[in-house]
Amino acid sequence: MNPPEELSQIDALHSVALNPFIDSLYRTIGSSFDGSVTSNVKTFWLLIPDYAVIFLMKIFSFSFILSIILIFVVIWTSSKILHIQRNMHARLALPNKPEPVNSMIPPAVGNDKWQRVIIHINSDNPSDWKLAILECDIMLDDILEKMGYNQGTIGDKLKAVEPSDFTNIESAWEAHKIRNAIAHEGSEFLINHREAKRVIGLYELVFREFAYI
């Protein structure tokens, strides 16, 4: 059976315009009309590996180039992130705190002051009790100075202290707040003898921790 005339015309155009792979496919189909199917099928299947290799090579080349680009993007992004983090750490970094040196506090220093505190707190005069608390706060400041905390008020120095270096820091804070109330309110601040002795006891804990008394 001969192929139709239309198919012959398409065959003439196809041989000029289509690529070899499509050409083999077309010839395989066209051969069904002239009985040469076996030969064209063989040609078609023989060409498949060649085109498959070319296709895979193109994919590999594209993937390789894309991988190189992505690697450079990752390296650049990581570098920028690291740079930003370093800048943030530098801006947020706190100034170095002085290193506490407990050995700088002489064991016998402050005993005379402490004796005056004991005399005041054992008085029957409420003004003496307040004076005892004020003198204890001066002794607390002396301890902080010898530890290396020289800047700011006593409150500032207590904030700068590492809790691990100051076991009774909460006692120091509580006593110092009462001292501030006395200093700010003066004679209007009322305190009974029992409370005054308790506050002196808080200071005593701090002084004994650092062998100040």
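The values are calculated or read from the model by the stated rules, or taken from the named source; none is laboratory data. This one's a predicted model, so the numbers in the text were calculated from it and none came from an experiment. Every residue, glycine among them, receives a Cβ derived from its backbone with ideal geometry; neighbour counts consider all protein chains shown.
Quick notes on this one:
- Residue check for Asn168: polar (S, T, N, Q), in the same structural domain as Arg116 (by TED's automatic domain parsing) and farther than 28 Å from Ser127 by Cβ: no
- Ile213 vs. criteria over 16 Å from Leu131 (Cβ atoms), in a loop (DSSP other than H, G, I, E, B) and over 38 Å from the mean Cα position of the chain (by Cα): yes
- Any hit, region 179-195, residues being part of a helix (DSSP H, G or I), under 31 Å from the mean Cα position of the chain (by Cα) and loosely packed, with under 13 Cβ neighbours inside 10 Å: no
- Filtered residues of region 146-164 (kept if basic (Lys, Arg) and more than 20 Å from Ala181 (Cβ to Cβ)): Lys146
- Note on region 133-161: residues that are more than 19 Å from Glu209 (Cα to Cα), in contact (Cβ under 8 Å) with a residue 40 or more places away in the chain and not hydrophobic (A, V, I, L, M, F, W, C) total 1.
- Qualifying residue in region 139-147 (condition: over 13 Å from Tyr203 (Cβ atoms), assigned to a helix (DSSP H, G or I), assigned by TED's automatic domain parsing to the domain that holds Tyr203 and out of contact with any Lys or Arg (no Cβ under 9 Å at 6 or more places or on another chain)): yes
- Comparison of Ser171, Ser164, Ser123 shows that the only residue that is free of Cβ contacts under 8 Å to residues at least 12 places away in the same chain, surrounded by 13 or more Cβ atoms within 10 Å (Cβ to Cβ) and polar (S, T, N, Q) is Ser123.
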